[in-house]
Amino acid sequence: IAANQQSVPIASALMRSPDELTQIFRSRGLKMTPQRQTIFRVLHGSAVHPTAEAVFDSVRREMPTISLRTVYQTLNDLAAMGEIQAIDLGTGSARFDPHTGPHHHLVCEVCGRVHDVEAELPGVTAPNAEAFGFTVNTTEIVFRGRCRDCTAAGYTSRVEDRSASAPAHDPFQEASSA
């Protein structure tokens, strides 16, 4: 993958509209609340990989009384339905990915920024998976390095070693700075 290659998620693999999600929740007997609808709106059309805390902060601007528990429950419900993916990219917190189709990730080791990578890598296999009793269904690759902003700022430390001066990215602003 070239350092300057930019990947954009395939629109059909992104999360459904807030209206569609409302109908899906109702059809499964899940209670629809203004809080959940606000979470759907915040996530809709986004290609970022927010933590539950980032979703909470964003939703709280519109609905100050929402609880972090409600955000977690809604994100976990969406993940259980296959509408988003809960992913652990080693950035310290679980991320929620609205792109549910096959793809890989670029992760900045300094600030934790995440970008999707659309690439088919048919030659990548798990050696001896069958010897361990595994049947491989999907492959997810995480490419680690430094994002443009951290490289330009001269940051070199890994996310777990960074000082308080390293940038913290608002995941809902990632799309505009990509």
When (1) open to solvent by less than 50 Å² (accessible area, probe 1.4 Å); (2) within 28 Å of Thr33 (Cβ to Cβ) are applied to Asn76, the one that fails is (1)
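Output the residues belonging to segment 80-133 that are of a type in the set (Val, Ile, Thr), touching a residue at least 60 places away in the same chain (Cβ under 8 Å) and farther than 30 Å from Asp19 by Cα.
Applying the first criterion (of a type in the set (Val, Ile, Thr)) to segment 80-133 yields 84, 87, 91, 100, 107, 110, 114, 117, 124-125.
Within this subset, residues satisfying the condition of being touching a residue at least 60 places away in the same chain (Cβ under 8 Å) are 84, 91, 100, 114, 117.
Across segment 80-133, the qualifying residue is only Thr91.
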Tell me the strands (runs of 3 or more DSSP E) entirely within segment 84-162 that contain at least 2 residues that are open to solvent by less than 20 Å² (accessible area, probe 1.4 Å). 95-97, 104-108, 114-117
Being surrounded by 18 or more Cβ atoms within 10 Å (Cβ to Cβ) and over 21 Å from His115 (Cα atoms) is the filter here; which residues of segment 41-73 pass it? Val59, Ile66, Thr70, Val71
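The values are calculated or read from the model by the stated rules, or taken from the named source; none is laboratory data. Here the structure is a predicted model, which means the values were calculated and not measured. With ideal geometry, Cβ positions are generated from the backbone for all residues, glycine too; neighbour counts draw on all protein chains shown. Surface accessibility is based on the protein's heavy atoms, side chains included, excluding ligands, DNA and RNA. Shrake-Rupley method; radii C 1.70, N 1.55, O 1.52, S 1.80 Å.
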